[in-house]
Each structure stands twice: as C-alpha cells, then as structure tokens.
Amino acid sequence: MTNVLTIAMPKGRIFEEAVELLRQAGYKLPPEFDDNRKLIIEVPEEGLRFILAKPMDVATYVEHGVADVGIAGKDVLLEEERDVYELLDLKISSCYLAVAGLPNTKMNEVAPRVATKYPNVAEAYFREQGEQVEIIKLNGSIELAPLIGLSDRIVDIVSTGRTLKENGLVEYERIQDVTSRLIVNPVSYRIKDRKIDELVERLHEVVEVL
Amino acid sequence: MSRLFMFEKPLGMRDTLPSLYEKKHRVRTQMADTMREWGYEFIETPTLEYYETVGAASAINDAQLFKLLDKDGHTLVLRPDMTAPIARVAASKLLDDNLPVRLAYTANVFRAQQREGGRPAEFEQIGIEFINDQTVSCDAEVIALLISSLKQAGLTEFQVSIGHAEFAQDLFMQILGTNGRATSLRKFLYEKNYVGYRDQVNSFQLSTIDKQRLLKLLQLRGNGEVIGNALDIIENDKGKQAILELQELWEIIKDYGVEEHVKFDLSIVSHMSYYSGILYEVYAGNVGFPIGNGGRYSLIEKFGKKATATGFAVRVDMLLEALGGGLVEDTTNCILFSPERRKEAFELAQKRHEQGIKTVLQDINGVKDLDAFTKKFADTTYLIGGRKDD
C-alpha cells in the first residue's frame, strides 16, 4: 500500500477546480473524472487513488489515515480542528467567512442567537469579540434563519455575496479569508514522504504561477 | 437521560474478548520479555492519582484528563499516562543512591471520553523509563530497545522519526530575538499549519537569509543528511548542541544496527515545554495515528529530585492494528469424558498439561450439541463408556 497515495477530494463546488489543478500539475487523470458517480476512482498509472467525500468530511478521512492526502477548505479546517498537516495553500475556491443578518438590526441583548454550519468557528469568533452567543447549528440554507426569526445573525461562507443580497441580508463583519488547502495525515507525511513531497512540489509550482 | 440498554458500556470503553485477548497477551509478552532481557524492571502504580500532583505534571492536556472526586473532596485523575506516576515513584523512592534506574510497565491509561469512534477512553500502553542518565547513549539505548521490542512483537514495517525539543526553539530565538515571536511561530509548527507558518515568517521584518533559514526548518526531514542540513542553518548555542547530540545518536544507532527504522524530523515539537531533548514518534504504514512516542524530559524535577529521564510508550491497540492479520490459531484440544472414565480422563489431561498442551476437560453430559462444541477444538479425544478398550 505504500506505493499508492489515497487522495480525498471534496465533491461539489471545489471538485472541478481541484481536478483542474492536478491536471496542470501534470497528473494524467482519466476523462471519467469529469462526470462520475463513483466514490472511489483508481488511477493506477499515476499510483493514485481518489475518494470523493463531502467537503466537510475530507479532514476526517485524512486524520484517520484512510486517505493520505486531502483537499479541504480552510473553513473546514477551522471548524473541525483535525490533527493533520496543512502543507499548501492551493489558492482555489476563494471565499470568506462572514457574519451577516438583516440590515439595521442589533443582536438580542439577553440571548443573542447565531445560526451557522460552523458552530465552533462562530463561537470562537464571538468569544474573541467579548460576546457570548447562543449557537443554532444548521446544515444548509443558513440565510433562512434571520428571515424567519430563528436567529439574529448567521455565520457562513460568502463568495460573491449574491445569495445574501437576494435574500435581503447584509454582511456585518468579515471573519477570515478561505481558500482550499492541501492537507496530509501525519503518519503518511513521514511514511510516504517521497510521493507526498513530489505532489507538494508539483502543486506548489502550479499555485505559484496563479 | 435516556434509559440504558443492558448491552451498553460507558462511552469510549471496550471489552477484550478471548480471541483478541490472546493476541494482546502474545504481543505484550513478546515486548515485555525483550524489555526484561535488557534488564528493565517492571513496576505497577495505582490507577488513581491526585489531580494536583500527577494530573498537573502529566503531558496530557487538562481537558483530556478523566477526573473524579474522593471522599475528602480532592480531585483525582485516572492516570492519563505512566510517565508521571513513575516520575513520582522515582523521585520519592528510587533515586536515593543517585544511580541510573531502568523501569518498565504495561498498564491501562485513561483519557476523557470523546464522541467520535476510534478514540478509546481506556487503552493499554507498554513502555519503559530510563531515569538518571544524561548521556546520548541512554537515549540511543531506549530507541534501540523500542525498535528491538517492536520487531520481537512481529512488526516489520515501521519508522521512528526523531527530532529535538531544543532545536526549533533555539533557531527561533536566534533569528527572532523575542519569546513572543518565537512562541507564535512555534504554535504554527505544533498545529502542523505550514501555510500559516510561512505566512508568519514572511510577515516578519527579516533578511532574506534569515527567512530562508526559518523556511528550511520545514524541510529538515529524512535520513542522516538532515543533520548536516540542520547545522547549516543553526548558529552556536543550544540549537547546535541539539544537532551534535543527534549526530552522536545517529552514530550509536548505527552501531546498534537499527538505522533502517530511523529517520530524522526536526519539525516535530511537543505541545508544552514537556520534552527537553531528543524526542520521537513511531509510525507503522497501515495505521493513521502514531503507534507510540517518547523522548527525554525533566518531569522528575516537579516531584522534587534533580534528574532527567527518557522513555517511550507504545499503544497496544494501535500496535495490534499495525500487526493486522487474523486471529491467533487456537491449538487447544479437548477430552470429552463420561463419568465412568473420569479418572482416566483426568490423568490424560494432567499428562498433557505437563507437556504444555492446552487441554479442556469436558463432561459429555454438559454439552447439548456435540458437533458444534468439538468444532471449537484442534483435536478431541473421547473417553466414553463403561469399559476401557484395550
């Protein structure tokens, strides 16, 4: 198994950009990559195996070592705090984490409520601001929460800001910029060092040009 | 709180059923025998310790300690590792004649319960502590014994990655000057966040050469050549001393003939200033987490004696995962007897026990399904009926 590198890829938005990046780095990925419902794709010519996971789960697969390497958003790394190496900023899927809400509103003074997919990030952020908030964890369509009175604020990722605008929400604070990162399992980093160093080097060259 | 089902155990707790127990027992014995052969003496310490003493001195984060209260209101911890309890015993009982002490242990240790699977709250560690010898010979002996005992347990593919606690810290101090800036960089290293580390380095007002030195630290990973590369970026002082220690260690490791399992990695740092010198982690190819770790520490000073020590601990559960493979082959055989030939059966069993053959004695009247029962054994002898057949 030391000859094959398992890479956890995030399905959805980031996937295509990540595949494009790997191709630019000279990895020959078969065309089936572009339209595939498979969860595991083997590329024996390159000594690679890809697993396709939910973006939020990529760091979990890598931490447990079932994937050696993964491509994960910084938002996921901040939220999950997994014990993995963050080796490279791939500078793709750029967006940012922000606080948003209905315009001209203040947070409830007694029990300010924040809805988010990122409970840890949100809690840490408001604590640093000297504010204790109550967190409501949602799994999607976060913008709904302030519109129907579930929360005063939301913490979510924003890429163009269009979704916020279309739903009549405004951004209050920017928390942190987010891009995708190359992450590595600590054991793989040492045991499969040659293959991983090569991957990092090849990706690094591509990323630097961007 | 929901009602518990009868099969439930507290979160993070595991049973060891007979087949797993056999494997565990075998691995434990093989490692322990090697340690004994090298002259290490086994000790036991209590499962419970005081939070204020052993709990506070331990390398394990406060949040990971399993805490309880005793009847006087003192906070207790289920021992989170064996190093701190052994430091307590050594400082109070074993160091009076100021000689080197070699101790070994196998014990279950406890960590706070976690929701996610794969993180047991109780697991077995087997390890050693070599106390009161400051030489690099001592560090090398512990690493050589680690390798030797793992091999004895049947592990073939593994790697010990060795770093030094003083190196990164001293490099940071040489270049950055202040403790605050050094700590900020060290935090990125500890969090394994190399992206953040590089950004931080680039944000400092430094010469290009100094920036290169800091960035090069991330690449100090590999075989013996790492030592030369490290010497290139460090100036005199503790950091250089650290590298010279590693150089000496490398020579001794080669004399032990175990260098194929050893690599260097100077980016390894421990989370507190817990380790004070050479430190290491053990990796096996097919397990996602380190199977063991160790290093030199000055913990014993917290218990009132001036002495340093070095030691390692291997997680038995991780080691078993690394060894993989099927179950231990069961060689037990069985004597099924009827009451009339009971004495004969007992005599036969005794003879086999004396020869070291695992033998079960079973009264045939106690078994409902003979076929299912005898299938469990490598061999079955029937001593049934009123008459001995000659």
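Just the residues that are at pLDDT below 95 and not polar (S, T, N, Q), please, taken from segment A:93-109.
Selection gives A:Lys106, A:Met107, A:Glu109.
Only residues that are assigned to a helix (DSSP H, G or I) and in contact with an Asp or Glu (Cβ under 8 Å, 6 or more places away or on another chain): list them for segment B:181-194, please. So that I can check it myself, show each step before the final result.
Taking segment B:181-194 first, the residues assigned to a helix (DSSP H, G or I) are B:181-190, B:194.
Result: B:Tyr194, single match.
Of the numbered conditions (1) surrounded by fewer than 18 Cβ atoms within 10 Å (Cβ to Cβ); (2) of a type in the set (A, V, I, L, M); (3) within 21 Å of A:Val84 (Cβ to Cβ), B:Met173 fails exactly one; give the number of that condition.
Result: B:Met173 passes all but (3).
Answer yes or no: is there a residue in segment A:134-149 that is touching a residue at least 40 places away in the same chain (Cβ under 8 Å) and either under 30 Å from A:Asn3 (Cα atoms) or of a type outside the set (Asp, Glu) (or both).
Checked against the condition, which is being touching a residue at least 40 places away in the same chain (Cβ under 8 Å) and either under 30 Å from A:Asn3 (Cα atoms) or of a type outside the set (Asp, Glu) (or both), segment A:134-149 yields at least one hit.
In segment B:282-292, which residue that is of a type in the set (A, V, I, L, M, F, W, C) and closer than 23 Å to B:Arg186 by Cα is nearest to the other protein chains (Cβ to nearest Cβ)?
Applying the first criterion (of a type in the set (A, V, I, L, M, F, W, C)) to segment B:282-292 yields B:282, B:284, B:287, B:289, B:291.
Filter once more, keeping what is closer than 23 Å to B:Arg186 by Cα: B:282, B:289.
Details: B:Val282: 10, B:Phe289: 7 Å.
By that ranking, first place goes to B:Phe289.
Return a yes/no flag: does segment A:186-209 have any residue that is within 14 Å of chain B (Cβ to nearest Cβ), surrounded by 15 or more Cβ atoms within 10 Å (Cβ to Cβ), assigned to a strand (DSSP E or B) and not hydrophobic (A, V, I, L, M, F, W, C).
No, segment A:186-209 contains no residue that is within 14 Å of chain B (Cβ to nearest Cβ), surrounded by 15 or more Cβ atoms within 10 Å (Cβ to Cβ), assigned to a strand (DSSP E or B) and not hydrophobic (A, V, I, L, M, F, W, C).
Only one of B:Ala91, B:Ala112, B:Ala57 is among the small types (Gly, Ala, Ser) and touching a strand residue (DSSP E or B) at 6+ places or on another chain (Cβ under 8 Å); which? Spell out the reasoning first.
Details: B:Ala91 fails: touching a strand residue (DSSP E or B) at 6+ places or on another chain (Cβ under 8 Å); B:Ala57 fails: touching a strand residue (DSSP E or B) at 6+ places or on another chain (Cβ under 8 Å).
Exactly one of B:Ala91, B:Ala112, B:Ala57 is among the small types (Gly, Ala, Ser) and touching a strand residue (DSSP E or B) at 6+ places or on another chain (Cβ under 8 Å), namely B:Ala112.
Tell me whether segment B:153-163 contains one or more residues that are within 11 Å of another protein chain (Cβ to nearest Cβ), in contact with a Leu (Cβ under 9 Å, 6 or more places away or on another chain) and free of Cβ contacts under 8 Å to residues at least 24 places away in the same chain.
Checked segment B:153-163: no residue is within 11 Å of another protein chain (Cβ to nearest Cβ), in contact with a Leu (Cβ under 9 Å, 6 or more places away or on another chain) and free of Cβ contacts under 8 Å to residues at least 24 places away in the same chain.
For segment A:41-71, what are the residues that are among the aliphatic types (A, V, I, L, M) and closer than 19 Å to A:Arg194 by Cβ? Even if it seems obvious, please write down each step before you answer.
Here is the first cut: in segment A:41-71, the ones among the aliphatic types (A, V, I, L, M) are A:41, A:43, A:48, A:51-53, A:56, A:58-59, A:62, A:66-67, A:69, A:71.
A:Val43, A:Leu48, A:Val62, A:Ala67, A:Val69 - these are the residues of segment A:41-71 that are among the aliphatic types (A, V, I, L, M) and closer than 19 Å to A:Arg194 by Cβ.
This table checks each residue for (1) loosely packed, with under 14 Cβ neighbours inside 10 Å; (2) part of a helix (DSSP H, G or I).
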position	(1), (2)
B:Arg28	no, yes
B:Asp33	yes, yes
B:Gly39	yes, no
B:Ala59	no, no
B:Ala63	yes, yes
B:Ser92	yes, yes
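At least 1 residues that are within 14 Å of another protein chain (Cβ to nearest Cβ) and not charged (D, E, K, R) in each: list the helices (runs of 4 or more DSSP H) lying fully within segment B:195-281 that qualify. Please lay out each step first, then the result.
Numbers: elements: B:208-216, B:225-233, B:238-256.
Counting at least 1 such residues, we get B:208-216, B:225-233.
Scan segment A:62-72 residue by residue and report those that are part of a helix (DSSP H, G or I) and crowded, with 24+ Cβ neighbours inside 10 Å. Break it down into steps so the answer makes sense when it comes.
Residues of segment A:62-72 that are part of a helix (DSSP H, G or I), as a first pass: A:62-63.
Hit for segment A:62-72 is A:Val62, nothing else.
Is it the case that segment A:73-91 has a residue that's out of contact with any Pro (no Cβ under 8 Å at 6 or more places or on another chain), assigned to a helix (DSSP H, G or I), within 14 Å of chain B (Cβ to nearest Cβ) and basic (Lys, Arg)?
Yes: one or more hits.
Quick check on this structure: which one of A:Asp89, A:Asp83 is in contact with a strand residue (DSSP E or B) (Cβ under 9 Å, 6 or more places away or on another chain), more than 21 Å from A:Leu138 (Cα to Cα) and charged (D, E, K, R)?
Details: A:Asp83 fails: in contact with a strand residue (DSSP E or B) (Cβ under 9 Å, 6 or more places away or on another chain).
Criteria check complete, one pass: A:Asp89.
Does segment A:165-181 contain any residue that is away from chain B (no Cβ under 14 Å), part of a loop (DSSP other than H, G, I, E, B), in contact (Cβ under 8 Å) with a residue 60 or more places away in the chain and more than 24 Å from A:Ala124 (Cα to Cα)? Break it down stepwise before answering.
Taking segment A:165-181 and keeping what is away from chain B (no Cβ under 14 Å), we get A:165-175.
Within this subset, residues satisfying the condition of being part of a loop (DSSP other than H, G, I, E, B) are A:167-169.
Cutting the leftovers down to in contact (Cβ under 8 Å) with a residue 60 or more places away in the chain gives us A:168-169.
Within this subset, residues satisfying the condition of being more than 24 Å from A:Ala124 (Cα to Cα) are A:168.
Among the residues of segment A:165-181, at least one is away from chain B (no Cβ under 14 Å), part of a loop (DSSP other than H, G, I, E, B), in contact (Cβ under 8 Å) with a residue 60 or more places away in the chain and more than 24 Å from A:Ala124 (Cα to Cα), which makes the answer yes.
Out of (1) out of contact with any Lys or Arg (no Cβ under 9 Å at 6 or more places or on another chain); (2) outside any helix (DSSP H, G or I), the odd one out for B:Ser137 is which?
So B:Ser137 meets the others, but not (2).
Does segment A:186-199 include one or more residues that are hydrophobic (A, V, I, L, M, F, W, C) and within 18 Å of A:Arg13 (Cα to Cα)? Steps first, please.
Filtering segment A:186-199 down to residues hydrophobic (A, V, I, L, M, F, W, C) leaves A:187, A:191, A:196, A:199.
Then drop every residue that is not within 18 Å of A:Arg13 (Cα to Cα), which leaves none.
No, segment A:186-199 contains no residue that is hydrophobic (A, V, I, L, M, F, W, C) and within 18 Å of A:Arg13 (Cα to Cα).
Return the residues of segment A:1-26 that are within 14 Å of another protein chain (Cβ to nearest Cβ) and at pLDDT 95 or above; say none if nothing qualifies. Show your work before the answer.
Residues of segment A:1-26 within 14 Å of another protein chain (Cβ to nearest Cβ): A:1-6, A:8.
Selection gives A:Leu5, A:Thr6, A:Ala8.
I want to confirm something. Restricting to segment A:55-65 and keeping residues that are in contact with a helix residue (DSSP H, G or I) (Cβ under 9 Å, 6 or more places away or on another chain) and over 30 Å from A:Leu150 (Cβ atoms), which single residue is nearest to the other protein chains (Cβ to nearest Cβ)? Full working, then the answer.
The first filter runs over segment A:55-65 and keeps only residues in contact with a helix residue (DSSP H, G or I) (Cβ under 9 Å, 6 or more places away or on another chain), leaving A:55-60, A:62-63, A:65.
Within this subset, residues satisfying the condition of being over 30 Å from A:Leu150 (Cβ atoms) are A:62-63, A:65.
Numbers: A:Val62: 8, A:Glu63: 7, A:Gly65: 2 Å.
Going through the qualifying residues, I end up with A:Gly65.
Any idea which of A:Lys91, A:Lys38, A:Lys74 is of a type in the set (Lys, Arg), within 21 Å of A:Glu198 (Cα to Cα) and in contact (Cβ under 8 Å) with a residue 12 or more places away in the chain?
Numbers: A:Lys38 fails: within 21 Å of A:Glu198 (Cα to Cα); A:Lys74 fails: within 21 Å of A:Glu198 (Cα to Cα).
Every option except A:Lys91 fails the conditions.
Collect the residues in segment A:144-179 that are crowded, with 18+ Cβ neighbours inside 10 Å, over 17 Å from A:Met56 (Cβ atoms) and not aliphatic (A, V, I, L, M), keeping them in residue-number order.
Correct list: A:Pro146, A:Ser151, A:Asp152, A:Arg153.
The values are calculated or read from the model by the stated rules, or taken from the named source; none is laboratory data. Keep in mind the model is a prediction, meaning the values are calculated, not measured. No Cβ is skipped: glycine too gets one built from the backbone with ideal geometry, and neighbour counts run over all protein chains shown.
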